[in-house]
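What follows draws every value from the coordinates through simple rules; no lab data is involved. Every value quoted in this text rests on a predicted model; they were computed, and no experiment measured them. Here the Cβ is made from the backbone with ideal geometry for all residues, glycine too, and neighbour counts use every protein chain on show.
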Amino acid sequence: MRVKSSWHKTAVKTIEDIGSAMAFNSWRITKNQLEDLINEGFVVEKEQVFDVISEYLCFLIQCIDRLVFESLDSSQRVELLNKLAKQSAFYYQENKEDRIGNGNHWKSFIDTYNERSKDYSEFEFIDGKPDYRFYRYFAEKIQKAMTDVDSKWIVQQMIEIQAPKAFDETNKSVNNLISVTKIITKDEQEKQKSDKVTRSRRPSTRPDLAKLKSNN
């Protein structure tokens, strides 16, 4: 499944734009990872799917927070994390409603996200990557969401294969999505749109057409 991972080289984007793209990518990466687990023979029952999804999304958002630390200022990081959490909660709510049924799935995800954020803050990135404890914590949370028959095998699979793969895909996406010409505020973006002259009202660059227009 293809993941959007870059803008045009001269793009000017808001944190909201960047956050929306990162949330979309995180959701797609999570779905791809679920397919990987199933293809590897792990059993993910219907009621387990969304527990696994929420753990993946929390893990990826925490990775993104560490990856943008040197590229964004503190206010931009806060705005980005808020957008990621809210957009991820929206995807979670929408998809769980379709698969499981009605419920306050949004709040369930946000509660899990807030709890995981506190726990992940205890772990480190070393040389730009999650340390072993970071991966181990994630793997153990996935283990709790799996069937008993798979639980003893899933931790090693997560630490050695799935988590590093998910991180590498996220890392590539983040690097490209924040490599824009300029990051502006939402207000600045709206002002640019209002100030922009539509193509039909721009002066013609062809003298013959301009003269014809003036004679009409």
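Summary of computed values
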read-out	value
In Å, descending, principal axis extents of the Cα set of the stretch 12-188	53, 41, 28
Order of Ile15, Ile184, Ile178 under a 10 Å beta carbon neighbour criterion, fewest first	Ile184, Ile178, Ile15
Built amide H within the under 5 Å cut-off of Thr14, gap 5+	Ile184
³J(HN,Hα), Karplus 6.51/-1.76/1.60, whole Hz, each residue of the stretch 40-52, x for Gly, Pro	7, x, 7, 9, 10, 5, 3, 6, 8, 3, 7, 5, 5
Point-charge dipole on Cβ atoms (K/R +1, D/E -1) for the stretch 12-188, about Cα centre, debye to 20	200
The stretch 88-93 - phi-based ³J(HN,Hα) in whole Hz, Karplus 6.51/-1.76/1.60, Gly and Pro as x	5, 4, 5, 4, 4, 4
The stretch 74-148: translational diffusion in µm²/s, Stokes-Einstein, Kirkwood Rh over Cα pairs, 10 °C, 1.306 mPa s	111
Spread of Cα-to-Cα distances over 10 Å intervals beginning at zero, given as percent, for the stretch 24-110	16, 45, 28, 10, 1
Sequence-distant residues sharing a close amide H with Ile178 (under 5 Å, placed H)	none
Karplus (6.51, -1.76, 1.60) ³J(HN,Hα), θ = phi - 60°, over the stretch 102-108, in Hz, Gly and Pro reported as x	5, x, 8, 5, 4, 5, 4
Segment Glu47-Ser74, extension gain: residue separation times 0.36 nm, minus the distance between their alpha carbons	6.0 nm
Inter-probe distance in nm under a simple model that places probes 7 Å from Cα toward Cβ, at Ser20 and Asn32	2.2
